[in-house]
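What follows draws every value from the coordinates through simple rules; no lab data is involved. Here the structure is a predicted model, which is why all the values come from computation and not from measurement. Counting neighbours? That spans all protein chains shown, and the Cβs are built from the backbone with ideal geometry, glycine included.
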Ligand code: ADP
Ligand code: MG
């Protein structure tokens with residue numbers, strides 16, 4: 001007897017992110033050229049590549065901060081199309097951390113963490129505050145809850161930004177060079193938070209040139225150049241035996 005397909009199992013097996021044939025232009029310049037990119041649930045993917053290769057544009061398309069011209073993007077089973085509803089649904093599931101921390105300067109750390117859960121998730125205030133304090137604890141910033149972003153160091157602000165994204169209980173976290181605006185001595189404290197998230201099984205796409213991070217937590221490394229995914233592989237294979245000449249040239253520069 002053939003049993004009915006189990007939809008829960010099917011949903012769990014489907015990728016959380018599916019980009020198929022995605023292209024994008026700025027004016028007459030094509031910056032993404034037929035990107036096919038899939039991320040499985042629980043997978044940790046590092047995206048690297050030279051400046052201007054389209055890394056930010058690609059991950060910004062995943063939550064519609066940028067809109068593709070061609071191709072299809074499905075996030076957690078919802079297609080990013082022209083309906084605002086779908087875009088809102090997708091954004092709720094996708095947490096994003098930027099190079100510039102993008103905290104609200106006029107709100108305290110705690111308020112920064114509570115605003116989206118209150119306004120978008122309609123979470124009751126006590127629950128939003130409890131969640132916020134829990135994540136501040138997680139990123140070891142709890143004692144700064146009532147400060148304003150400008151009173152914190154860059155590393156602390158970036159940890160607040162990560163905690164803020166986590167308060168929305170995202171299904172996937174996107175990081176766009178989260179440590180590249182930081183003073184060198186603050187890079188590790190942010191990477192430590194990212195490593196612990198990865199170890200706990202958070203699905204992550206990280207644009208970063210921190211190759212130590214890639215080696216220790218990535219399931220897959222993707223290399224982009226000139227709007228295309230040129231090469232991808234397991235970290236040890238990617239670093240020790242890159243197949244493409246452009247990958248080798250890039251790795252030589254950054255390592
Ligand atoms: P990366 O993140 O790999 O450095 P980006 O995705 O930021 O690359 O940029 C890809 C290309 O698109 C670059 O040539 C960049 O100059 C161009 N670009 C990025 N954002 C814009 C924009 N808002 N308007 C016009 N061109 C842009
Ligand atoms: Mg970028």
*In the stretch 232-255, which residues are in a loop (DSSP other than H, G, I, E, B) and free of Cβ contacts under 8 Å to residues at least 40 places away in the same chain?*
234, 241, 242, 243, 244
*Residue by residue through the stretch 243-255, note down the ones that are under 17 Å from residue 212 (Cβ atoms) and surrounded by 15 or more Cβ atoms within 10 Å (Cβ to Cβ).*
250, 251
*Can you pull out the strands (runs of 3 or more DSSP E) entirely within the stretch 160-231 that have at least 1 residues that are closer than 13 Å to residue 45 by Cβ and over 14 Å from the mean Cα position of the chain (by Cα)?*
220-225
_the stretch 198-232 - residue that is at positive phi and surrounded by 13 or more Cβ atoms within 10 Å (Cβ to Cβ) and, of those, nearest to ligand 1 (Cβ to nearest atom)_ = 227
